[in-house]
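Report on the following structure.
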Amino acid sequence: MNEKVLSMLGLAKKAGKIISGTSLVSTFVRSENKPALVVVAGDASQNTQKMLDAACRHHKVTYRLTELTMDEISNAIGASYYIACVAVLDQGFAEEILKRLAETDRTSQGV
């Protein structure tokens, strides 16, 4: 099921609706043009997870810590280096990614 999420991240990247990398994502979360969703890799550092979670809560941005790895996210968006997080700028892409993440969660729980 992760393939569906990764596919949507790739499509969003091709559409120019993804910002990647902790520094850029953090900057966008704090800006006036807030992202619709922040997706964080499950193997991102604890510091990165906590910092982005706190920033997203404070600035009212949807945050999802996922089971995706940095390698999977990087490959999905065509990055040549590990990406710990991405910000999805488009509400439509964000909603579809959240829907697919929910499907993945239900599948992994055996529902």
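Values in this text are rule-based calculations from the coordinates and carry no lab data. Given the structure is predicted, the values throughout are model-derived calculations rather than measurements.
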Percent antiparallel among DSSP beta bridges confined to the chain, nearest 5, equals 65
For the chain, longest principal axis from Cα atoms; helix 91-108 axis from its Cα atoms; angle between them, nearest 10 degrees, is 40
Ranked by GNM mean-square fluctuation in the chain (Cα springs under 10 Å), the top entry among 72, 32, 95 is 32
Applied in sequence order to the stretch 76-81, the curve 6.51 cos²θ - 1.76 cosθ + 1.60 (Karplus, θ = phi - 60°) yields integer Hz couplings, x standing for Gly and Pro, of 4, 9, x, 7, 8, 9
Helix 2-14 sits off the longest principal axis of the Cα atoms of the chain, rounded to the nearest 10 on a 0 to 90 degree scale, by 40
Inter-part gap, Cα centre of the stretch 3-45 to Cα centre of the stretch 64-101, in whole angstrom, is 6
